[in-house]
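Okay, structure first, notes after.
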Amino acid sequence: MRRKIEIKLIEDKPKRHTTFTKRRQGLMKKTEQLCEISDSQAVVIAFSGTGNCYCLGHPHADTVLDRYFGESSSADEVERRIGDAMKSGRWVDAATGLELDELDELLAELEETTRRVEALAAESG
């Protein structure tokens, strides 16, 4: 049985940090689940006590923020599609419906991503 927790500042800094980390992860997970089951979009931005920024956007934070502020570009769309394709593994879906210039952007982004992954693998290997 769950009990109600009084919401107040946790005085002990290490305990506060641990609570922030656990609750942030839970908030992000619940936000993503909500978006998936309701076919909606959301952005969560949280700043820790030390000033670190944590951000989750579904499908992508920039896409949702651009939609909210009314500023969208094809580069943002390509970036979102790459992110979705990386999550799902469905690269063909990423390219479906793109115009020729957007396909060129997608190709350039994929080539850059491939170079970065190869560089990271070389450093680690």
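So if we plug the beta-carbon distance of L98 and M28 into 1/(1 + (r/R0)^6) with R0 = 35 Å, what FRET efficiency do we get, rounded to 0.05? Mind showing how you got there, number by number?
Working: r = 29 Å, r/R0 = 0.83.
In this case the efficiency is close to 0.75.
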Using only the Cα atoms of the chain, build the gyration tensor, take square roots of its eigenvalues as a ≥ b ≥ c, and label the shape rounded, prolate or oblate: rounded if a/c is under 1.5, else prolate if a/b is larger than b/c, else oblate. prolate
Note the count of lysine pairs whose C-alpha atoms are less than 24 angstrom apart in the chain, limited to pairs 8 or more residues apart or on different chains. 15
If I model a spin label at I37 and E118 as a point 7 Å from the Cα along the Cα→Cβ vector, what separation in nanometres do I get? 4.4 nm
Between K8 and Y54, what is the FRET efficiency for a Förster distance of 25 Å, r being their Cβ-Cβ separation, to the nearest 0.05? 0.65
So how much slack lies between M1 and E109, counting 0.36 nm per residue of separation and subtracting their Cα-Cα distance, in nm? 33.9 nm
Can you send over the solvent-accessible area of C53, 1.4 Å probe, protein chains only, in Å² to the nearest 10? 80 Å²
Could you report the chain's accessible area per residue, 1.4 Å probe, as an integer in Å²? 80 Å²
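The values are calculated or read from the model by the stated rules, or taken from the named source; none is laboratory data. In this text the structure is predicted, and so the values were computed from the model without any measurement. Glycine also receives a Cβ, built like all others from the backbone with ideal geometry; neighbour counts cover every protein chain displayed. Surface areas here come from the heavy atoms of the whole protein model, side chains and all, with no ligands, DNA or RNA. Shrake-Rupley method; radii C 1.70, N 1.55, O 1.52, S 1.80 Å.
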